[in-house]
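Okay, structure first, notes after.
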Ligand SMILES: NC(=O)c1ccc[n+]([C@@H]2O[C@H](COP(=O)([O-])OP(=O)(O)OC[C@H]3O[C@@H](n4cnc5c(N)ncnc54)[C@H](OP(=O)(O)O)[C@@H]3O)[C@@H](O)[C@H]2O)c1
């Protein structure tokens with residue numbers, strides 16, 4: 001597949017670009033010098049001719065939800081109908097039914113990014129769009145540095161996938177691998193999924 005990765009200069013986008021390249025896909029790696037993810041015209045020009053787009057963004061002034069909106073506008077114009085959105089885990093809900101981001105113990109350092117990510121998910125879910133988006137939530141706390149093991153679970157759900165120890169965790173390598181799996185399979189269109197062991 002010909003895949004545009006927006007945010008490929010970053011941590012998670014870089015991991016997705018590396019995994020997709022390792023599997024033989026034709027990857028266009030884009031950073032903020034190549035495209036403005038908040039600008040539909042810039043996005044349209046950057047992604048035209050690709051089979052799919054991966055967005056792995058972080059930035060000031062609510063970049064993430066602004067980019068979600070811009071992508072929903074730009075992709076149909078560019079003739080691209082598949083979007084994998086690197087999401088947040090804060091929008092998953094705990095046993096009390098509350099989103100982690102709204103709970104009293106959510107780390108202050110991640111609050112703004114997590115709120116932005118939650119807004120992006122809500123925007124995608126509310127959109128009437130031809131774009132087959134998939135929003136991929138890592139575990140709320142433990143997306144940890146590490147290589148691909150190739151063994152992980154992916155499910156469309158709003159609660160974290162828990163391991164035997166009651167925690168949800170996954171390595172960056174396996175998270176990136178799950179994203180490329182979804183691109184290859186076409187599964188999980190218009191769904192939020194989460195990945196964990
Ligand atoms: N447990 C969790 O919930 C969890 C954990 C980790 C990450 N995340 C989420 O994953 C997302 C990505 O995180 P990350 O750590 O990979 O971020 P990162 O390393 O900071 O990378 C951000 C990327 O966004 C690009 N970018 C910034 N502004 C842009 C713009 N206007 N147009 C185009 N590209 C732009 C940057 O490009 P340049 O470098 O070229 O400026 C960079 O490639 C975040 O939104 C974060 O919320 C969630």
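FYI, it's all coordinate maths here, none of it is from the lab. On a predicted model such as this, the values are computed, not experimentally measured, just so you know. No Cβ is skipped: glycine too gets one built from the backbone with ideal geometry, and neighbour counts run over all protein chains shown.
Ranking request for peptides 156-162, 133-139: highest mean number of other beta-carbon atoms within 10 Å first, then the rest in descending order.
133-139, 156-162
Is the C-alpha gyration tensor of segment 21-125 telling us rounded, prolate or oblate? Criteria: a/c under 1.5 is rounded; beyond that, a/b larger than b/c is prolate, otherwise oblate.
Prolate, since a/c reaches 1.5 and a/b exceeds b/c.
Pop the C-beta distance of residue 105 and residue 9 into the FRET formula with R0 = 35 Å and round what comes out to the nearest 0.05.
Rounded to the nearest 0.05, the efficiency is 0.65.
Taking square-rooted eigenvalues a ≥ b ≥ c of the alpha carbon gyration tensor, is segment 1-69 rounded, prolate or oblate, where a/c under 1.5 means rounded and, failing that, a/b exceeding b/c means prolate?
Oblate shape, in that a/c is at least 1.5 and b/c is the bigger or equal ratio.
With both bridge residues required to lie in the chain, what share of the DSSP beta bridges run antiparallel, to the nearest 5%?
15
What's the FRET efficiency of residue 125 with residue 60 using the Cβ-Cβ distance as r and R₀ = 22 Å, to the nearest 0.05?
0.35
D for the chain, whole µm²/s, Stokes-Einstein with Kirkwood Rh over alpha-carbon pairs at 37 °C and 0.692 mPa s: what number?
Answer from the Stokes-Einstein relation: 199 µm²/s.
Of 165, 96, 34, which is the most mobile in a GNM of the chain whose springs link Cα atoms less than 10 angstrom apart?
165
For the chain, what is the calculated [θ] at 222 nm in deg cm²/dmol (nearest 500), taking -39500 (n - 2.57) for each run of four or more DSSP H residues and dividing by its residue count?
Only helices count here, giving -10500 deg cm²/dmol.
Angle check, please: helix 11-22 long axis (alpha carbons) against the longest principal axis of the chain (alpha carbons), in degrees 0 to 90, nearest 10.
Relative to the chain, helix 11-22 is tipped by roughly 60 degrees.
Among 111, 43, 12, which one shows the highest mean-square fluctuation when the chain is modelled as a Gaussian network with alpha-carbon springs under 10 Å?
111
Using a Gaussian network for the chain with springs between C-alpha atoms less than 10 Å apart, which of these wobbles most: 144, 131, 172?
Judging by the Gaussian network model, the answer is 144.
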